[in-house]
Structure formats: structure tokens, C-alpha cells
1. Under a point spin-label approximation (7 Å from Cα along Cα-to-Cβ), what is the residue 181-residue 13 distance to one decimal in nm?
2. Using a simple spin-label model with points 7 Å from Cα along the Cα→Cβ vector, what separation in nm is obtained for residue 155 and residue 100?
3. What ranking, highest mean first, results for peptides 152-161, 102-111 when packing means the other Cβ atoms within 10 Å averaged over each residue?
4. Determine the gain in length on full extension of the stretch residue 54-residue 172; use 0.36 nm per residue of separation and subtract their C-alpha separation, reporting nm with one decimal.
5. Can you give the FRET efficiency to the nearest 0.05 for residue 205 and residue 86, using r as the Cβ-Cβ distance and R₀ = 35 Å?
6. Describe numerically, in nm with one decimal, the distance between label points set 7 Å from Cα along Cα→Cβ at residue 36 and at residue 165.
7. For segment 138-184, what mean projected area does the convex hull of the alpha carbons give, in nm²?
8. Find how much the distance from residue 61 to residue 114 grows on full extension, using 0.36 nm per residue of separation minus their present alpha carbon separation; answer in nm with one decimal.
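Every number in this text was worked out from the coordinates using simple rules, so none of it is lab data. Model, not experiment: these values are computed from the prediction. Please note: Cβ atoms are built from the backbone with ideal geometry, for glycine as well, and neighbour counts cover all protein chains shown.
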């Protein structure tokens, strides 16, 4: 199991809590403002939909919204059931420990399946893709981000989503008019506030493997 932590390159403030079992590239706005020092930074993990490769898109889909994610959580449920079953035949001092571990594993598995189901039902993934496509509809932003990635030596290339207009036409109604305006206004404000491309530094990232 891998834990990832990212920190602001300017002040060292932790910008991401530890995560595990997630793809190395995730969907989201990559240019973030540190809530501690208010300086912009480049998140090395999050990126826009049109800057993701086909493989990265498939990995993100699989880990967040596909049935594979739900089936993966069945492992917790099966392990939890096994712990509860074995604890019933274990010696007295291990019954309580086995039962606690079993209940925790069951709760984790069921909780994640419910979370995934709600995620699918609420079309959250489609909403996030729509938001990303709205952001990358701003040509200045795409050009800015391309240069920032190049300066940071991160191999992220813009690739126009061929079904962009069709996807937006089909899914844009998932966002309210206010949400769409907020995305567009936030992008305009961002482009107006950033003074220099050279100010954007990559977030420091550390990985810890735990077994």
C-alpha cells in the first residue's frame, strides 16, 4: 500500500492528505493556491482531462467509477467475514481482536461500495469532466498550463477531446448555470491574477510504501 503526501514548495504546508490505492494521475485542476501562503503551485498528481493520456483516463475511470472498483472492495468484505468466522473458533484472547478486525474490514468494504454507488448514481465523475472541459475551453489557460508543464519537465501534453462538444452537450446539464458561471469566472480570475509562469513551482511529493 502506498501513501502519497504533497506539500507547498514555498512554505512546506501539506496540500494533500495521504492517499492509497489511487492512480498516479488524477482528474482535477492542477494549478492550486496554497491555503497557507496564498502562492500558486503545480500539483504533480492532478491534471485536466485533456492533458491525460488514454491510459490515464482508463485508470482513473477504473479506480473511481467502474464496477472494478466495487468488486475490489469485496475483498475487504470477504476478509472481514473470514476474520469473524475464525474468531468464533479461536482461543478466548483472540476472539475480541478477531471480531474487531472483522467488523472493521466489513465496514470498510461496505462503506466503499456504498460510496462508489453514490458516486455513480450522482454522475459525479461526469460533472468533474465537464468542469475540466470548461476550464480547458479557455485557450490562454491551455497555453499557460502547457508551458508550466514544460518548465516543470512533466510529460503532460494537451490532446483535444474529439467528442468534446458532444460530451458537453450531453452532460453540461449536470451542472447548474451558477456552477458553470463559477468555473468560467474562476478561470478568468486565475488568468488575471497569475503574474509570471516562472512563479509556478511543482508541489513537493513524497511516497511511503507500507505493507
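1. It works out to 2.9 nm between the two label points.
2. Reported label-point gap for residue 155 and residue 100 is 4.6 nm.
3. Per-residue mean Cβ counts within 10 Å order the peptides as 102-111, 152-161.
4. 40.3 nm
5. Once rounded, the FRET efficiency stands at 0.35.
6. Distance between the two pseudo-spin positions: 4.6 nm.
7. Value for segment 138-184: 4.1 nm².
8. Here the segment from residue 61 to residue 114 would lengthen by 17.4 nm.
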